[in-house]
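Trainee: First the structure, then my questions, so here it is.
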Amino acid sequence: MINENKIRETCASNPEKGFRMLVDSFQEPIYWHIRRLVVSHEDAEDIIQEVFIRIFRHLEQFREESSLITWIYKIATNESLRFLKTRKAEVVSAEEIQEELLDKLKTSDYVDYENELAVKFQTAILKLPEKQRVVFNLRYYDELDYEAISQITGDRAETLKVNYHYAKERIKEYIVNS
């Protein structure tokens with residue numbers, strides 16, 4: 001369990017040590033959050049570096065209106081969405097990703113239907129509208145509650161619940177029909 005108070009106290013007394021604690025504690029979950037949004041490992045690596053640079057530069061401005069992890073997720077989400085907007089033309093389509101993953105399955109020695117379902121699941125998530133994809137990932141993978149997601153996205157919890165519901169329905173529909 002991450003002790004946010006200890007990290008904040010260490011950041012106040014020894015910024016370099018506190019920042020190292022912060023990176024050690026949050027790097028992996030933030031990486032995977034970013035990766036699910038931008039897909040590419042290389043892009044996720046670039047974005048996570050930018051996220052932690054921003055955090056380091058603005059750590060003293062953290063006002064504790066939310067938890068530290070919520071604040072970090074907000075920065076990571078915003079950086080990922082900014083990246084997607086600037087690289088929209090270059091982003092690989094969900095169909096191309098699915099084809100690549102299915103080709104890898106076909107070249108293996110056996111057919112793994114669980115992996116094929118996982119590919120369909122990931123493809124369905126990538127096909128979601130941006131807002132639904134963000135909400136789905138934060139709720140499903142990162143297991144954040146709607147209040148935390150609200151602080152990250154700036155949307156009301158009720159709106160997020162609706163987005164999450166529609167995301168689940170679209171994913172089910174895609175898996176059943178593909």
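Trainee: Where the accessible area of segment 117-164 is counted over protein heavy atoms with a 1.4 Å probe, how much of it, in %, is carbon and sulfur?
Mentor: Heavy-atom surface of segment 117-164 belonging to carbon and sulfur, 1.4 Å probe: 49 percent.
Trainee: Using a basic spin-label model with each label point 7 Å from the Cα along Cα→Cβ, how many nm lie between VAL176 and THR159?
Mentor: 2.9 nm
Trainee: Separate question: Mind ranking 127-139, 43-55 by how tightly packed they are, going by the mean number of other C-beta atoms within 10 angstrom, highest first?
Mentor: Answer by packing, highest mean first, reads 127-139, 43-55.
Trainee: Once both labels are modelled 7 Å past Cα along the beta-carbon direction, what's the PHE121-GLN27 spacing in nm?
Mentor: Distance between the two pseudo-spin positions: 2.7 nm.
Trainee: Sorted by average packing, counted as other Cβ atoms within 10 angstrom per residue and highest first, what order do 25-36, 6-17 take?
Mentor: Listed from highest to lowest mean packing, they are 25-36, 6-17.
Trainee: Relative contact order of segment 1-91: what whole-number percent is it, with Cα pairs under 8 angstrom and at least 6 residues apart?
Mentor: About 28 percent, as a whole number.
Trainee: Let me check I've understood the local charge: for TYR140, count other residues with C-beta under 10 angstrom from its C-beta, Lys and Arg +1, Asp and Glu -1. What total comes out?
Mentor: Its environment carries a net charge of +1.
Trainee: Also, quick follow-up: Add +1 for every Lys or Arg and -1 for every Asp or Glu among the other residues with Cβ under 10 Å from the Cβ of ALA44, and state the total. Walk me through the intermediate numbers first.
Mentor: Details: positive: ARG35, ARG36; negative: GLU42, ASP43, GLU45, ASP46.
With Lys, Arg at +1 and Asp, Glu at -1, the net is -2.
Trainee: Could you list, bin by bin from short to long, the percent of Cα-Cα pairs of segment 110-177 in 10 Å steps?
Mentor: 22, 48, 23, 7, 1
Trainee: Across the Cα atoms of segment 1-91, what radius of gyration and what greatest pairwise Cα-Cα distance (Dmax) are found, in Å?
Mentor: 13.5, 45
The values are calculated or read from the model by the stated rules, or taken from the named source; none is laboratory data. As the structure is a prediction and not an experimental result, all values here were calculated from the model. When we count neighbours, we look across all protein chains shown, and the Cβ atoms used for this are built from the backbone with ideal geometry, even at glycine. Remember, those area values only see protein heavy atoms, side chains included, never the ligands or the DNA or RNA. Shrake-Rupley method; radii C 1.70, N 1.55, O 1.52, S 1.80 Å.
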